[in-house]
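Every number in this text was worked out from the coordinates using simple rules, so none of it is lab data. All values derive from a computational prediction rather than experimental measurement. Backbone-built Cβ (ideal geometry, glycine too); neighbour counts: all protein chains shown.
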């Protein structure tokens, strides 16, 4: 079951998605009525206060610039993947590290079988 915080984020995502669809369709500054029209066409329950808040927060801002800022922020997020998980497990204890190492080795073996013996450049 989703927490109220997750539900709230999902709700905001619907409104933002509708706004971005309109921008992508060529409407550089969609109005609240435009967003409501998209949401109602998708049979989404509309909360006027959320639409108004979105419009006020995006008023006068360039979507392209906001996306660029978001990408810049995301580029600073560490993404270690399996190696980071194994490293974290090693710090937690020897047995956990061994299990993590085995899981990583099993995943690597499974991934190597995915190409069924054919390489892209063989």
How many nm separate the modelled label positions at residue 53 and residue 24, each set 7 Å beyond the Cα in the direction of the Cβ? 2.4 nm
Rounded to the nearest 0.05, what FRET efficiency is calculated for residue 33 and residue 79 with R0 set to 35 Å and r the Cβ-Cβ distance? 0.30
Starting from the Cα-Cα distance between residue 16 and residue 65, subtract it from 0.36 nm times their residue separation and give me the gain in nm to one decimal. 16.1 nm
Would the range 4-75 count as rounded, prolate or oblate if I go by the C-alpha gyration tensor, calling it rounded below 1.5 in a/c and otherwise prolate when a/b exceeds b/c, oblate otherwise? oblate
